[in-house]
Amino acid sequence: MTEIKAYVSLSQRKVYLYPDESPWEYEITARQDIIPVFETLFYQLYHKDMNTFWRAHVPLKYYSNDFSNEEYDNRIKKLYALIHEFSDRESQAFIEQLPFFKESRHL
């Protein structure tokens, strides 16, 4: 399968096939069958985000010790790991500077 360029927007939670479709943060080069992995993670991220939204309305429950919050964070980490794997060297260097990326490399 041939590789294609795609443009990932974490803020919009989308993958674009054309650079002028919408603003994006990361350019990746990957096989076309990798794109649905991003879309699945974005879908899961949306639902985890909604869970944390509703949980935030529960009084007297600490946000930092919440399973939904951890699941949301895990999806973000997976997205950055995928972007790191398929992006250019400049993007990889930026992602490697993120604190959670450094932590996960030492586990």
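A compact table of results
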| item | result |
| --- | --- |
| Residue check, THR52 among the β-branched types (Val, Ile, Thr), open to solvent by 30 Å² or more (accessible area, probe 1.4 Å) and at pLDDT below 90 | no |
| Residue tally, condition in contact (Cβ under 8 Å) with a residue 24 or more places away in the chain and β-branched (Val, Ile, Thr), over region 33-62 | 3 |
| Residue match in region 7-29 (condition: among the polar types (S, T, N, Q) and part of a helix (DSSP H, G or I)) | no |
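Residues are listed down the side, and each one gets a yes or a no for (1) open to solvent by 30 Å² or more (accessible area, probe 1.4 Å); (2) over 21 Å from VAL37 (Cβ atoms); (3) assigned to a helix (DSSP H, G or I); (4) at pLDDT 80 or above:
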{"position": "ASN65", "(1), (2), (3), (4)": "yes, yes, no, no"}
{"position": "ASP73", "(1), (2), (3), (4)": "yes, no, yes, yes"}
{"position": "ILE83", "(1), (2), (3), (4)": "no, no, yes, yes"}
{"position": "GLU90", "(1), (2), (3), (4)": "yes, yes, yes, yes"}
{"position": "LYS102", "(1), (2), (3), (4)": "yes, yes, yes, no"}
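Residue-by-condition table, conditions (1) surrounded by 14 or more Cβ atoms within 10 Å (Cβ to Cβ); (2) closer than 20 Å to ASN74 by Cβ; (3) of a type in the set (Gly, Ala, Ser):
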{"residue": "MET1", "(1), (2), (3)": "no, no, no"}
{"residue": "LYS5", "(1), (2), (3)": "no, no, no"}
{"residue": "LEU10", "(1), (2), (3)": "yes, yes, no"}
{"residue": "VAL15", "(1), (2), (3)": "yes, yes, no"}
{"residue": "ASP20", "(1), (2), (3)": "no, no, no"}
{"residue": "TYR26", "(1), (2), (3)": "yes, yes, no"}
{"residue": "ALA30", "(1), (2), (3)": "yes, no, yes"}
{"residue": "ILE35", "(1), (2), (3)": "yes, no, no"}
{"residue": "PHE38", "(1), (2), (3)": "yes, yes, no"}
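The values are calculated or read from the model by the stated rules, or taken from the named source; none is laboratory data. Not measured: the values here are computed from a predicted model. Positions of Cβ are generated from backbone atoms using ideal geometry, with glycine treated the same way; all protein chains shown enter the neighbour counts. We work out accessible area using only protein heavy atoms, side chains counted, and drop any ligands, DNA or RNA first. Shrake-Rupley method; radii C 1.70, N 1.55, O 1.52, S 1.80 Å.
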